[in-house]
Amino acid sequence: MANTNLGSVNQRSYDAIVIGSGISGGWAAKELTEKGLKTLVLERGRDVKHIVDYPTANKMPYEFEHRGDMSNAAREANPILSRANAWQEDSDHFFVKDNEHPYVQKKPFDWIRGYQVGGRSLLWARQTQRWSQYDFDGPARDGFAIDWPIRYKDIAPWYSHVEKFAGISGNRDGLEELPDGEFLPPNPLNAVEDHFRKSLQEKFEGRHLIASRFANLTKSTPTQLAQGRSQCLSRKLCRRGCPFGGYFSSNSSTLPWAEKTGNLTLRPHSVVHSVIYDEEKGRATGVRVIDSQSKEAIEYYAKIIFVNASALNTNLILMNSVSKRFPIGLGNDNGLLGKFVAFHNYNTTIRAEFDGLPEFATFGSRPGSTYIPRFRNMFRQETDFLRGYATGFSARRNLSSNRSGIGVDLKESLLNPKLGGWHVGAHMMGETIPKESNTVSLEANKTDSWGMPLLNIDIEYDDNDLKMEIDSLEQLSEMFTAAGFTNIKTTHKHQAPGIDIHEMGGVRMGKDPKTSLLNKWNQLHACKNVFVTDGACMTSTSTQNPSLTYMALTARAANHAVEEMRKGNV
Amino acid sequence: MKTRENPSIWTASRLMNRREAIKKTALLSGGMILLNHSLFGQNSSLSTPINVTFGPKQERLLQMVVDTLIPKTDTPGAKELKVDHFVLLMVNDCHSEKDQTAFYSGLHNLDVFTEKYFGQSFALCDTDTRVEALNSVNKKSDANPELQAFIKITKSRTIQGYLESNYVMTELLPHKMIPDPYDGYYPARKLGGKFDG
Ligand SMILES: Cc1cc2nc3c(=O)[nH]c(=O)nc-3n(C[C@H](O)[C@H](O)[C@H](O)COP(=O)(O)OP(=O)(O)OC[C@H]3O[C@@H](n4cnc5c(N)ncnc54)[C@H](O)[C@@H]3O)c2cc1C
């Protein structure tokens, strides 16, 4: 990759700039470079090279000093991060520490970040369900937020496009509410998951349990082999980075692919400060960067700019991009930049035991689990809250040992674990309603070590969320009971928003420039050569894990951008 | 989001592949990561998080406790695998202050307890008496609650340190970095399931 240093304006000019190298930025880079655009990817964090920079990938459990646990000292230093389950000794190096990148919490918000080449694509749990027409229709039907400017049919081919390349495993379930995609072989269900599936089918109309769709290669097709990625071995150590490229990350997939075109320049340690707006030309001409190591300010120029710094950081960059034409943030003519931020609700879990199917157990390992698409208010409004929740579910039967003894008995028992009973567990994934009062803004008087203003996050749950949480526990308890599960235990958490790690909105798409920031091609209405295709663009949140939708929107917008450039429109 | 696996739970494949043990690790390489602290020097004292001495005497006592919990048989026990180092490391680095206080004062109370009920210090008790002593800590209502907490913490960390030691994970219950393919309808009886189908 070319090494960019301060050079002439020419040397600092590209066809396209992509801000951020995470899931969405990686896709922008792939599409733009493949179409022949000289593309500069600016990433604030350090470089993480596929395989070489996965230091823990092949470590045995006993090679971790605390066998995975984070120490008290680390937890005390990172109260926010310590609420993320995935933060462990093996993945520590991919998470932002609380004191490294502070932000202001007007109300509690756990902002979990990964600042490095690859962003959080290294860490994600790889659940990849498509949205359906009912999700895009949602705001219009139920009268919240604003209407999406696109429909399922607009994005469907782009879902296929990204699924084929990334490699998504799944079953063709034929459900209207969770459309099928281009799938690699599905994750197998186990005996009790199958039992629960059948029980739902018999006793509850419209509730379906399916194999979850996820970005691990249950098979490596020629498309992934060409990326140097082989079949997933079910090690379930994804968050360390996978030496086999068994799951999709920017590092294993889109970035090396973009690099192969010869059109990519990747510049780590590059904090994008703002987008440069040229008042005369009436368009964005580049970005201001602060080199995170030298703290030098550098400008880079391009014809089009993709902002993919992750939802809240994209808001921050745009708000920080002020000019005479845009005094309160780039493209922010209506003052809605930073508003209508939303997220997902994971506040309830439920677990139980099952005495049935004693003749079966499970053996070996698999990368995925199971999923129940939203069934509440799906085809019509039927409860006193809006929208609904999807559910993650899994059943397991473990070997464990009696630990009551002491001495030789205990040792014997530990070395000869016995098969226990079946345990099942589920968690909700709720849609939240974007509201004007859920906002992010710049904290004017506080800046970070790079001179960037801190983000002030002012976001909270509402009554609709609470009703949905209660409903999820009632409904799941009923579904568990009907399946014969016993000893049902529910947990109603009251965690702060953010820990779902699915933050969205603030730069929403819409038809009308008066009520939205982006058009149906993710272009800023008021500055058409700037594209926002990460979570910031989301008009509503639906229940599905969002990253697949960011990928599809990004690929769609990037291809449109190239067409428009060729026509001379941007 | 994903919830973390419980490391204390055995997966079927781990047990089933015992026979395929990779015999590459020398028997007594131990495998516990050595502490940075200089606490195991003969005369040094560990500065404990609370104001309780932890010197060579306490160190030996803790070693005897882990040895009693998981003794040497035809295979090494917790003492041989230096699991006492692991217990201390975890208590100091990962437990709450309340646990730490209970752990260190509980340890000091062990001799008081055995002297009262067994007429001698823990060190002087024979193996059977040591087992009985540890077993009875929870049964005696007048036993010091901190001693009970000490036993509970030490036992759970000893079990973890033993099962997750290099030796056990390579020689006795080999941990497979590459697991077997998934079978969700695996016959329970093949795993010695108590309910035979
Ligand atoms: C533990 C965990 C589990 C998850 N599970 C799932 C899941 O199962 N399914 C799912 O869909 N999603 C999941 N997610 C969320 C998923 O990771 C994010 O939705 C996704 O990574 C967002 O992509 P992105 O490109 O917007 O941002 P990111 O992947 O976060 O990347 C943004 C990049 O931009 C860089 N950046 C930020 N600011 C600047 C700046 N000023 N200048 C230059 N660069 C900048 C950052 O350093 C980062 O590298 C999970 C996340 C975590 C942490």
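Could you grab me the full set of residues in the range A:101-151 that are over 24 Å from A:Glu436 (Cα atoms) and either more than 16 Å from the ligand (Cβ to nearest atom) or in contact with a Pro (Cβ under 7 Å, 6 or more places away or on another chain) (or both)?
Correct list: A:Val117, A:Arg130, A:Ser132, A:Gln133.
Could you name every one of the strands (runs of 3 or more DSSP E) located completely within the range A:296-406 that has at least 1 residues being among the hydrophobic types (A, V, I, L, M, F, W, C) and either open to solvent by 10 Å² or more (accessible area, probe 1.4 Å) or within 11 Å of chain B (Cβ to nearest Cβ) (or both)?
A:297-307, A:339-342, A:348-354, A:360-363, A:389-400
Quick grid of which residues meet (1) touching a helix residue (DSSP H, G or I) at 6+ places or on another chain (Cβ under 8 Å); (2) within 16 Å of the ligand (Cβ to nearest atom); (3) within 11 Å of chain B (Cβ to nearest Cβ); (4) not aliphatic (A, V, I, L, M):
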| site | (1), (2), (3), (4) |
| --- | --- |
| A:Arg207 | yes, no, no, yes |
| A:Ala211 | no, yes, yes, no |
| A:Asn216 | yes, yes, no, yes |
| A:Pro222 | no, no, no, yes |
| A:Gln227 | yes, no, no, yes |
| A:Lys236 | no, yes, yes, yes |
| A:Arg239 | yes, yes, yes, yes |
| A:Ser249 | yes, yes, no, yes |
| A:Thr254 | yes, yes, no, yes |
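Tell me, which strands (runs of 3 or more DSSP E) wholly within the range A:439-525 include 1 or more residues that are within 30 Å of A:Lys203 (Cβ to Cβ) and not charged (D, E, K, R)?
A:486-492
Given the conditions (1) within 30 Å of A:Leu330 (Cα to Cα); (2) within 11 Å of the ligand (Cβ to nearest atom); (3) outside any strand (DSSP E or B), and given that A:His273 satisfies all but one, which numbered condition is not satisfied?
All conditions pass for A:His273, except number (3).
Name the one entry in A:Ala145, A:Ala156 that is open to solvent by less than 50 Å² (accessible area, probe 1.4 Å) and free of Cβ contacts under 8 Å to residues at least 40 places away in the same chain.
A:Ala156
The rows are residues; the columns are (1) modelled with pLDDT of 95 or more; (2) buried (at least 22 other Cβ atoms within 10 Å of the Cβ).
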site	(1), (2)
B:Thr101	no, no
B:Ser105	no, no
B:Gly119	yes, no
B:Ser141	no, no
B:Phe150	yes, yes
B:Ser165	yes, yes
B:Met177	no, no
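Taking the stated definitions as given, is A:Asn85 farther than 21 Å from A:Val48 by Cα and within 11 Å of chain B (Cβ to nearest Cβ)?
Details: farther than 21 Å from A:Val48 by Cα: yes; within 11 Å of chain B (Cβ to nearest Cβ): yes.
Yes: the conditions hold for A:Asn85.
Out of all the residues in the range B:121-139, which are within 18 Å of the chain's Cα centre (by Cα) and open to solvent by 60 Å² or more (accessible area, probe 1.4 Å)?
Of everything in the range B:121-139, those that are within 18 Å of the chain's Cα centre (by Cα) and open to solvent by 60 Å² or more (accessible area, probe 1.4 Å) turn out to be B:Thr127, B:Glu132, B:Asn138.
Among the numbered criteria (1) over 19 Å from A:Leu410 (Cβ atoms); (2) open to solvent by 30 Å² or more (accessible area, probe 1.4 Å); (3) in a helix (DSSP H, G or I), which one does B:Leu88 miss?
Failing condition for B:Leu88: (2).
Can you give me the number of residues within the range A:542-561 that are farther than 20 Å from A:Pro139 by Cβ, in contact (Cβ under 8 Å) with a residue 60 or more places away in the chain, more than 11 Å from the ligand (Cβ to nearest atom) and out of contact with any strand residue (DSSP E or B) (no Cβ under 6 Å at 6 or more places or on another chain)?
Here the count works out to 3.
Quick one: would you say A:Asp448 is away from the ligand (no atom under 16 Å from the Cβ), touching a residue at least 40 places away in the same chain (Cβ under 8 Å), acidic (Asp, Glu) and surrounded by fewer than 21 Cβ atoms within 10 Å (Cβ to Cβ)? Break it down into steps so the answer makes sense when it comes.
Values: away from the ligand (no atom under 16 Å from the Cβ): no; touching a residue at least 40 places away in the same chain (Cβ under 8 Å): yes; acidic (Asp, Glu): yes; surrounded by fewer than 21 Cβ atoms within 10 Å (Cβ to Cβ): yes.
Judged against the criteria, A:Asp448 is not a match.
The values are calculated or read from the model by the stated rules, or taken from the named source; none is laboratory data. Values in this document were obtained by computation on a predicted structure and should not be read as measured data. Neighbour counts are summed over all protein chains in view; Cβ atoms, including those assigned to glycine, are modelled from backbone coordinates with ideal geometry. The protein model used for the area step is the full one, side chains on, heavy atoms only, and it has no ligands, DNA or RNA in it. Shrake-Rupley method; radii C 1.70, N 1.55, O 1.52, S 1.80 Å.
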